[in-house]
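The values are calculated or read from the model by the stated rules, or taken from the named source; none is laboratory data. The structure presented is a predicted model; accordingly, all values stated were derived computationally and were not measured. Cβ placement follows ideal geometry from the backbone for every residue including glycine, while neighbour counts extend to all protein chains displayed. Each accessible area value is taken on the protein alone, full model and side chains, heavy atoms only, with ligands, DNA and RNA left out. Shrake-Rupley method; radii C 1.70, N 1.55, O 1.52, S 1.80 Å.
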Amino acid sequence: AKTTPTAAKNLLTTYDYINPKPDAELVRKSIVYKLIFILGIDPKDATPADWLNAAMFAARDLSTENFLSTRQIHEKFKKRTVYYLSMEFLMGRAFTNSLINQDLYGAFEQAFKELGLNLADISEQEADPALGNGGLGRLAACFLDSLATLRVPAVGYGIRYQYGMFKQEIVDGKQIEKPDLWLDNGMAWQFARPAKRFPVSFGGTLDTSHYPPRWKPAEQINAVAYDEIVPAFGGQIANPLRLWTAHTGDLFNLASFNEGDYFSSMEAQMKNETIANVLYPNDATAVGRELRLKQEYFLVSASVQDIIARHLCRYDSIHTLPEDVAIHLNDTHPVLAIPELMRILIDDYYLPFDQAWAMCQKIFSYTNHTLMSEALEKWSVDMMAQLLPRHLDIIYKINHHFIENVVRPQGYDDDFIRRVSIIEEGEQRQVRMAWLAVIASHKVNGVAKIHSDLMVSSLFADFAALFPERFTNVTNGVTPRRWIAVANPKLARFLDKHLGGSGWLTDLNQLNQLNKLVDNKDIQNEFANVKHAAKVRLAEYIQREMNITINPNALFDVQIKRIHAYKRQSMNVLHIVHRYNQILNNPNADWQPRVFILAGKAASSYNEAKQTIRLINDIAYFINHDERVRDLIKVVFIPNYSVSLAELIIPAADLSEQISLAGKEASGTSNMKFALNGALTIGTLDGANVEILQHVGAENIFIFGNTVEQVQTLYRNGYNPYDFIDNDPELAQVVNQIAQGAFSPDEPHRYHKLMHNRDEFQRYADFRSYVNAQAQVDKLYRQPEKWYRAALVNMANMGYFSSDRSIEDYCREIWRIEPVSEQELPRLA
Ligand code: F55
């Protein structure tokens, strides 16, 4: 039983701590108080980082009451809750976002002014927590923002990696990886929850002489929670993001402890504490490493135990779990949650298999983020038998049940059964995690229409024949709070002014009112000024950090994303070199000056991607120092791409490069962020580009390249890159220059392989069409009225791509979850 002292209860119901909202003076006092009494620092010795920490504590106080009262509302009304399980949350900086969401930016700005400090400079001190690789992790963060803002009862579960995504340095053009010490200056934002801990077991043996079988694990480790507040825009509601760390605690390596081997039991524990140490930096290839499997199980075991504990606080029976709980799997990475829940229901609650399985199928849903075979997770049966014998046993039983009760009765042949089996036979038997996810989930979704269609017609075709109603689409979205209000405040003011207030921030379809203003020359100019200011800001950063001068009046052409062959950064390079050649051939033509901006990390083991980074830097050095091109071309590779760099770069882009090979990019989300900030897209018919085209109209986007069908035909006919190189002298020239060392004279063959490979992603097939589209870009940019009109049309039609719309789709179609209603909200005193 929980008791609440009356005084504390009042605090939670009357908001008398800070009601209605603190003014600058109260904020200033609070910051100074935190500095002195929480951090123990004398104001006259405080560094900017100290001030930031103090201010973050002050800001955290202001969302804590919302956070706690949200929990109370959920309890009181027994709100059905969605648990979003993800190995990655790329949250970005929290401070400015929380001030904007709580409408406190002005008060904090003024408070710092009175202290003789500048809020924007202080905010720059915050580490950017990079607990994710790229799109998948950032999507999870946008979704948490929308879930809170839409008042959906939701908890995010992830891992509190001590080292997130590595820090990228560029030395002699090459990527160097350094550890990312994001926790070094303290993390004022997260509440440690030392009492929220669950044991997670590994290894050992399975005694099948009983029913249910008894798992006797060899090792146990504690998962300990840290809660980060996810504030809604507009205050009132805040949801938790619960991140797990690994602690030794008082649990031991059971086997060696029993033998009295204290030291080796401690040694084993120390090894296990490394579970939450580091994020795997692979974004499009699965790794078969044991530590990764341990990380995945660590996340889901702690989370499922916590979900059950929370359920049992409200209901006295485990049987009501499917009414109370929806668990969403962000890709297959947390799929072990399925056998983990089965294990607990069967082994701890003595449910029969069929009953436990029926519950799982109501509870789980799964999002697929890729069709590429190298990214599909498969774990060797041997490894799983070693590490999780009971889970492997349950997976076999699920598979047996599926094949005997679902597949065979429908009369499918052995070949079909071999294809849909969770266990892949072969030299090394493997567990197909995506198959398990599909079989256990009531809904499986792709992340853009074209991707969801391909998912059903290719990767999951056999399953779509078995359960067609299971598959659906939820097109991705991005949060306008971070991607406009935080990243581009000048654009936010522009929108406030022309849309009559800030309602667009929570109802992004209001942007379509811009459609009637797109021909207005004053408004075009006003937007051009917003864009120019962002370009100046980025140019200053590039000058300061890289000592490269760029001209803000040039066209800023931007490709920022993970470096991967399918995303075709090297095709972007082909165009740059082609343009360079054209300028040298015809120096007196009226060229449109361009700045090519690229950024992104390569997985540390991905050689081709690293070579691509080096090529970009070699070419940048060469072209930027060639006086003959003057400033008609500048090439800049900005190191250490991150959420906070995206916030700086995206508002400054004129042109957004979305040039993946059709069929390979599941959705893309930066395409949405760019268009929302008034950049025009040059892109293929891939992922969400297809839907962006439908929304903005063909006159306002530069589409090029082969379609999925054409790509497939080329593959089928035995794609030969030389069919294209040999028939296009300008392309051949570019390929030969790069391959023969024109940009790497110190090592002429450095890029031979990069140019003369199988061209798996058909850069050469799409080259000519890409170059033609780029010529159209130049032509339109030279007619500013038309360009800025098109930019405004893009913004006006981006309402659909709000993550609020995505989350509404999930709530309605997948999770069957209702937000906290107006009536359920406590009224402000
Ligand atoms: C991370 C770890 C592994 Cl093991 C595999 C993949 C990843 C990863 O980061 N994937 C990823 O970012 N996928 C992207 O998801 C986005 C959100 O749905 C899509 O927009 C994007 O197309 C897709 O590549």
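Key figures for this structure:
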read-out: Those residues of segment 302-353 which are assigned to a loop (DSSP other than H, G, I, E, B) and more than 16 Å from the ligand (Cβ to nearest atom), in sequence order; value: 315, 316, 317, 349, 350, 351, 352
read-out: Matching residues in segment 354-381 - criterion: being of a type in the set (Val, Ile, Thr) and either within 9 Å of the ligand (Cβ to nearest atom) or buried (at least 21 other Cβ atoms within 10 Å of the Cβ) (or both); value: 363, 367, 370
read-out: Tabulated pairs, segment 536-554, first outside the structural domain of residue 778 (by TED's automatic domain parsing), second surrounded by 12 or more Cβ atoms within 10 Å (Cβ to Cβ) and modelled with pLDDT of 95 or more, C-beta under 8 angstrom, 6+ apart or interchain; value: none
read-out: Test: residue 371 is among the aliphatic types (A, V, I, L, M), under 26 Å from residue 84 (Cβ atoms) and in a loop (DSSP other than H, G, I, E, B); value: yes
read-out: Candidate set from segment 107-138 (those that are small (Gly, Ala, Ser) and without any contact (Cβ under 8 Å) to a residue 12 or more places away in the chain); member that is nearest to residue 243 (Cα to Cα); value: 120
read-out: Pairs with Cβ under 7 Å, 6+ apart, first in segment 173-194 and under 30 Å from residue 607 (Cβ atoms), second of a type in the set (Val, Ile, Thr) and at pLDDT 95 or above; value: 175/613
read-out: Residue within segment 583-603 that is closer than 23 Å to residue 754 by Cβ and assigned to a helix (DSSP H, G or I) present; value: yes
read-out: Subset of segment 261-285 [at pLDDT below 90 and within 16 Å of the ligand (Cβ to nearest atom)]; value: 283, 284, 285
read-out: Test: residue 726 is open to solvent by 80 Å² or more (accessible area, probe 1.4 Å), touching a helix residue (DSSP H, G or I) at 6+ places or on another chain (Cβ under 9 Å) and of a type in the set (Asp, Glu); value: yes
read-out: For residue 651: the one exception among (1) outside any helix (DSSP H, G or I); (2) touching a Lys or Arg at 6+ places or on another chain (Cβ under 9 Å); (3) closer than 27 Å to residue 527 by Cα; value: (1)
read-out: Residues that are farther than 19 Å from residue 393 by Cα, within 15 Å of the ligand (Cβ to nearest atom) and touching a Ser or Thr at 6+ places or on another chain (Cβ under 6 Å), drawn from segment 407-450; value: 445, 446, 447, 448
read-out: Any hit, segment 46-64, residues being outside the structural domain of residue 157 (by TED's automatic domain parsing), more than 27 Å from the chain's Cα centre (by Cα) and not in a helix (DSSP H, G or I); value: yes
read-out: Spans of helices (runs of 4 or more DSSP H) in segment 670-788 with at least 2 residues within 16 Å of the ligand (Cβ to nearest atom) and either within 28 Å of residue 505 (Cβ to Cβ) or modelled with pLDDT under 95 (or both); value: 670-676, 689-696
read-out: Cβ pairs under 7 Å, 6+ apart, first in segment 283-305 and without any contact (Cβ under 8 Å) to a residue 60 or more places away in the chain, second away from the ligand (no atom under 15 Å from the Cβ) and aromatic (Phe, Trp, Tyr); value: none
read-out: Residue in segment 613-634 that is in a strand (DSSP E or B), surrounded by 20 or more Cβ atoms within 10 Å (Cβ to Cβ) and either within 16 Å of the ligand (Cβ to nearest atom) or touching a residue at least 60 places away in the same chain (Cβ under 8 Å) (or both) present; value: yes
read-out: From the options 72, 102, residue that is of a type outside the set (Ser, Thr, Tyr) and either within 16 Å of the ligand (Cβ to nearest atom) or closer than 30 Å to residue 222 by Cβ (or both); value: 72
read-out: Among the candidates 131, 139, 119, residue that is open to solvent by less than 30 Å² (accessible area, probe 1.4 Å), under 12 Å from the mean Cα position of the chain (by Cα) and closer than 18 Å to residue 487 by Cβ; value: 139
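Every residue, every condition in (1) buried (at least 19 other Cβ atoms within 10 Å of the Cβ); (2) in a loop (DSSP other than H, G, I, E, B), yes or no:
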{"residue": "151", "(1), (2)": "yes, yes"}
{"residue": "156", "(1), (2)": "yes, no"}
{"residue": "161", "(1), (2)": "yes, yes"}
{"residue": "188", "(1), (2)": "yes, yes"}
{"residue": "195", "(1), (2)": "no, no"}
